[in-house]
Amino acid sequence: TPEAVAHYPRNFRAMALYTSFMQMGWIFKTESTVVPMFVTHLTTNPLLISAVPFLQRLPGFLSQFLFLGVVGRAPQRKRVLIAATAVFTLAWGGIAAALRFGGALPAGALLVVFLTLYAVGWTAMGVERMTGRVMQGTLIPTRRRGRVFGIGGSVGRFSALISGAVIADFM
């Protein structure tokens with residue numbers, strides 16, 4: 001659209017920055033190592049341990065179908081994007097709070113809190129991904145989208161490496 005072309009430089013910078021932060025966060029989530037280790041600490045039930053990847057993939061997949069109408073009807077999709085990202089962040093904040101302050105809870109209760117917030121977080125991530133892709137399709141011309149992801153992904157991964165090195169010094 002002509003409006004998208006007029007605002008392309010700002011949109012390009014915003015999407016590259018957003019992609020950078022998402023990549024940095026994505027690297028630290030490590031559902032294949034940290035999360036299963038935590039669940040294994042709370043239970044030895046193999047069914048519950050194996051549910052962790054399922055609780056990430058299924059809500060992220062289903063949310064795209066369940067919330068497509070919300071994204072389609074939204075007058076400003078950036079608000080849906082911000083809300084979905086906030087819910088994802090709050091879910092992980094709730095998990096962190098449960099880990100920090102939930103020491104008196106029985107392992108089963110802590111596991112229920114974790115798995116519930118984990119599913120809520122990944123539902124929000126599915127909405128965020130869908131909204132982000134819709135916005136990318138309308139804000140960034142097709143021939144330039146690769147640059148957004150290349151720049152954003154590279155900056156995000158490089159930032160994650162630096163952050164990991166800084167965190168390692170504190171451990």
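Any read-out appearing in this document is the output of simple, stated calculations on the displayed coordinates, not a laboratory observation. Since the structure is predicted, the reported quantities are computational estimates derived from the model, not experimental observations. Here Cβ is always computed from backbone atoms with ideal geometry, including for glycine, and neighbour counts include all displayed protein chains.
Provide the gained length on full extension for the span residue 133 to residue 116, in nm with one decimal, where the gain is 0.36 nm per separating residue minus the Cα-Cα distance. Walk me through the numbers on the way to the answer.
Working: separation 17, 0.36 × 17 = 6.12 nm, distance 2.61 nm.
Full extension from residue 133 to residue 116 adds 3.5 nm.
Apply the a/c threshold of 1.5 to the C-alpha gyration tensor of segment 47-95 and tell me whether it is rounded, prolate or oblate. Show your work: numbers first, answer last.
Values: a/c = 4.94, a/b = 1.65, b/c = 3.00.
Oblate is the answer for segment 47-95, as a/c is 1.5 or above yet b/c matches or exceeds a/b.
First measure r as the distance between the Cβ atoms of residue 147 and residue 74, then evaluate 1/(1 + (r/R0)^6) with R0 = 25 Å and state the FRET efficiency to the nearest 0.05.
Values: r = 26 Å, r/R0 = 1.06.
Between residue 147 and residue 74 the formula returns 0.40.
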